[in-house]
Amino acid sequence: MIAQPRFASRVASATAWALLAGTTAAPGQEPDPAAVTLARIHDSSDFHSDTLGTVRWLGDGASYTTLELSRAAPGARDIVRYEAETGIRIVMVSAALLVPEGEHRPLDVQGYEWSPKGDRLLVHRDQHPPAPRRRPPPIEPDVRQVRYGG
């Protein structure tokens, strides 16, 4: 006999309520810290995963690069290569190499692009030059008009 849709939805609802009821603590009883509850899923970081971040596959197709926090320069990021098959890790561009002349800290690398041959690197950083300051436009004697320009 095939279950009627109405009956199936009632069974599903009853099952969900039974599962949820089994995960709540009785009054005066401490909740089980190992219980999976909606509150724990949404309000805690127990089920959050780490992100991989920026990944760039290299031309050989067997390895990729990504940004990782630098061990040598705290607060900065290295560009690290991983061999996909073996997991071998090689620091390709150390944050120490990304210190501009006259500065003491490495660039804040936000992204990067490899050239097609893989022999050049374009680094993106999150620093925008300040917009050129414009003088406020002069106000004409007739205050209903504003003239833009120098």
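In whole Hz and in residue order, list the ³J(HN,Hα) couplings for the range 60-74 that follow from phi through the Karplus curve 6.51 cos²θ - 1.76 cosθ + 1.60, θ = phi - 60°; x for Gly and Pro.
Listing the rounded values in order: 6, x, 9, 8, 9, 10, 8, 8, 9, 4, 6, 7, 8, 10, x Hz.
Using 7 Å Cα-to-Cβ label points, what is the Arg120/Leu38 separation (nm, one decimal)?
Result: 5.6 nm between the two label points.
Which far-off residues, 5 or more places away or on another chain, put their amide H under 5 Å from the one on Val109, with H placed in the peptide plane?
Arg77
How far is it, in nm, from the label point at Glu85 to the one at Asp108 when both lie 7 Å from their Cα along the line to the Cβ?
4.1 nm
Calculate one ³J(HN,Hα) per residue across the range 117-124 by plugging θ = phi - 60° into the Karplus curve 6.51 cos²θ - 1.76 cosθ + 1.60, and present them in order as whole Hz with x for glycine and proline.
Result, ordered by residue: 7, x, 9, 9, 9, 9, 9, 9 Hz.
Readers should treat all values here as calculations from the given coordinates under stated rules, not as data from a laboratory. What you see is a predicted model, and the numbers here were worked out from it, not measured in a lab. For neighbour counting, all protein chains shown are included, and Cβ atoms are generated from backbone atoms with ideal geometry for every residue, glycine included.
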